[in-house]
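First up is the structure itself, then whatever we jot down about it.
None of the figures in this text is laboratory data; all of them are computed from the coordinates on show. Please read all numbers here as calculations on a predicted model, not as lab measurements. Cβ coordinates were reconstructed from backbone atoms using ideal geometry, including for glycine residues, and neighbour counts include every protein chain displayed.
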């Protein structure tokens with residue numbers, strides 16, 4: 001299954017993901033510019049992404065804990081999510097998202 005990621009520079013990448021993997025793991029393992037400091041423990045917001053508007057309903061709403069973490073970043077939008085909280089599945093094949101400025105390693 002694939003996810004389509006636009007990086008902070010505007011370049012588009014088509015990444016192969018595996019069932020059950022966190023979207024954050026896929027992005028990180030393909031070497032894109034994402035900090036992902038806590039490795040998916042929901043204790044930071046360094047894997048912050050913007051989900052394409054056509055996909056927000058498919059992935060569902062963030063948990064209260066995820067919302068609390070998102071409150072800690074300055075570039076939050078209504079379509080903001082933490083990529084560590086989205087698990088790859090057939091339903092997400094073709095997911096489109098954008099890496100946020102706050103998730104960049106060089107910030």
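Here the spin labels are modelled as points 7 Å beyond Cα on the Cα-Cβ line, and at residue 30 and residue 77 they lie 1.9 nm apart.
The mean sequence separation of alpha-carbon pairs under 8 Å and at least six residues apart, normalised by the residue count of the chain, gives a relative contact order of 41 percent. Over what distance in Å are the Cα centres of the stretch 56-107 and the stretch 20-43 separated? A separation of 11 Å, based on Cα centres.
Please check which bits of the stretch 76-100 a label hung off residue 19 would reach, taking the label as a point 7 Å along Cα-to-C-beta and the cut-off as backbone N under 11 Å. Output list for this probe position: 89-91.
Contact order for the stretch 1-49, expressed relative to its length and based on alpha carbon pairs under 8 Å spaced 6+ residues apart, stands at 24 percent. Taking 0.36 nm per residue of separation and subtracting the Cα-Cα distance, full extension of the segment from residue 87 to residue 12 would add 24.9 nm. Shape summary of the stretch 2-103, radius of gyration then Dmax from alpha carbon positions: 12.0, 32 Å. Taking the fewest neighbouring Cβ atoms within 10 Å as the starting point, the ordered list for 89, 80, 63 is 63, 89, 80.
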